[in-house]
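Read through the structure below, which is laid out as structure tokens, and then see the notes.
The values are calculated or read from the model by the stated rules, or taken from the named source; none is laboratory data. Note that the coordinates shown come from a computational prediction; the quantities given were computed from them, not determined experimentally. With ideal geometry, Cβ positions are generated from the backbone for all residues, glycine too; neighbour counts draw on all protein chains shown.
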Amino acid sequence: MNIRMIIKVLGTLLIVEAASMLPSLLVSLIYGQDDFSAFVVTIMLLLVTGLIMYSIKAPNTNLYSKDGFAIVSLGWILVSLFGALPFFLSGAIPHFADAFFESVSGFTTTGSTILREVESLPRGILFWRSFTHWIGGMGVLVLMLAVLPKAGASTFQIMKAESPGPNPDKLVPKIGQTAKILYGIYLVLTIILIVLLVIAGMPLYDSLIHALGTAGTGGFSNMNRSVGAYNNVYAEVIITVFMFIFGTNFTLHYQVLKGNWKAMFKDDEFRFYLGTMVAAIILMTINLTGTIFNSVWESLRHASFQASTIMTTTGFATTDFNLWPSFSKVILVLLMFIGASAGSTAGGLKCIRIVLLLKTIKREVIKVIHPKSVCTVKVGGRVLDDSIVSGATSYFFAYMIIFTVAILIVSLDGFDLTTTFTSVATTIGNVGPGLEMVGPVGSFADYSVLSKIVFSFVMLFGRLEILPMLILFAPSFWKKVNI
């Protein structure tokens, strides 16, 4: 392992995080609240630590595959630890374990919270809380690659380790340019969303908060009742549409910008994503009409918002779906696991993996019926290598194992089964709200410190696609062999 280069890159990452706190510092200054000093102290600590780490000389500047994984896993832990400091130093969250949970939840775009009430918090803290979604949505290291003056070819190892999905692609040959294109699309879509929310009647500050949460598919709000506090149908429709957009693979957005609209509807994952979303909305609308809401339109309004917010793992809410019939709640839990598209800002297993698993099952059934037939798994007309198919299968089982272990540990707190099950499902899927105690009007505040730490690492496992975090615990990973 190139340890010196790893430390150097991590130092750069901390400097970038310091710069990313400046908008929150400005918001704190504008509103003149008590959180200003917390941001100043944190920024100074980040700069000093980052510069010391960056000053380390690295004779070998090459980054190997496992170096990329180490940078990503350690980088996200470091960024979350420092990101927790404004919450802790300002007194908004008095206990550091809780502050770390909130920070991890922000950067991983989960949106789960230990806060029972948010409207009284300083504006700068609330802005930072949502801005972590925006940074983490596209990836903190992709942001670093986008702002670095030079990004060598070896930095693809970083992007590969951080990008959500089984097989990340470069949009253009240069990684730095790819990162710039991704963040350019991301920024433009976010600005359009802010403008539309302001036109819909949402205050500018609130529009910024909810646009950041929507773009990063995170779900932190500055209102206790989330988006439902506004009772604004126009804002809900806008957010619903944009959650779906940000849950779509950004490679497809790039293709659309190049004029290739057909690429989107030829894409197997996008068709599955759209089809699953539409099916969930229709089924929940039918189930809710006459049981929870009197009209079809009211049912459609809330069913479409909740289907979009859960499947894209955003986590906003317009109503307390804890009160919905079991059928609709089961659909929402299934959407938690499925998630949205690879290469998007969303979490979950990702639609492409579900597609691969379904096609693999189909292949095995055909092989049983026709033992001598040659069966392949195709996506988008391309025959996939068996390593990609087996990788999706391995990921699914690793996901379920971590999910099961986390449930066993969290169950020690003694809460009901629904709360325990969905609290882990929503954190590993980076969704936000679960059911019962951790529903849209609840929080994770009553969990023990042990459970909050478990949740924090489960969120990191989910956001980083398991492997970068898992290999930290492999002794052979730390041996000085470049692979």
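Some observations on this one:
- The residue list Phe316, Phe396 contains one member that is out of contact with any Cys (no Cβ under 7 Å at 6 or more places or on another chain), modelled with pLDDT of 95 or more, within 22 Å of Leu274 (Cα to Cα) and among the hydrophobic types (A, V, I, L, M, F, W, C), which is Phe316.
- Only residues that are part of a helix (DSSP H, G or I) and in contact with a Ser or Thr (Cβ under 7 Å, 6 or more places away or on another chain) were counted across the range 374-399, and they come to 2.
- Residues that are within 29 Å of Thr376 (Cα to Cα) and either at pLDDT 95 or above or of a type in the set (S, T, N, Q) (or both) were ranked within the range 340-361; the one that is farthest from the chain's Cα centre (by Cα) is Thr360.
- Helices (runs of 4 or more DSSP H) contained in the range 215-316 and holding at least 1 residues crowded, with 18+ Cβ neighbours inside 10 Å and acidic (Asp, Glu): 233-246, 268-288
- Residues in the range 368-390 that are modelled with pLDDT of 80 or more and polar (S, T, N, Q): Ser390 only.
- Within the range 363-384, residues that are more than 21 Å from Asp267 (Cα to Cα) and polar (S, T, N, Q) sit with their Cβ atoms under 7 Å from residues that are surrounded by 10 or more Cβ atoms within 10 Å (Cβ to Cβ) and modelled with pLDDT of 80 or more, at 6+ positions apart or across chains, in these pairs: Ser373/Ile366; Ser373/Lys367.
- Of Ile15, Ile71, Ile30, all but one fail to be over 30 Å from Ala425 (Cα atoms), of a type outside the set (Lys, Arg), touching a helix residue (DSSP H, G or I) at 6+ places or on another chain (Cβ under 7 Å) and not in a loop (DSSP other than H, G, I, E, B); the exception is Ile15.
- Exactly one residue among Val278, Val237, Val296, Val333 is out of contact with any helix residue (DSSP H, G or I) (no Cβ under 6 Å at 6 or more places or on another chain) and under 22 Å from Ile192 (Cα atoms), and that residue is Val237.
- Within the range 421-453, the set of residues being among the β-branched types (Val, Ile, Thr), surrounded by fewer than 24 Cβ atoms within 10 Å (Cβ to Cβ) and farther than 22 Å from Ser326 by Cβ comprises Val449, Ile453.
- Qualifying residue in the range 35-49 (condition: in a loop (DSSP other than H, G, I, E, B) and at negative phi): yes
- Sub-9 Å Cβ pairs linking a first residue in the range 253-268 that is without any contact (Cβ under 8 Å) to a residue 24 or more places away in the chain and within 20 Å of Thr345 (Cα to Cα) to a second residue that is in a helix (DSSP H, G or I) and of a type in the set (Gly, Ala, Ser), at least 6 apart or interchain, are Gln255/Ala263; Val256/Ala263, ordered by first then second residue.
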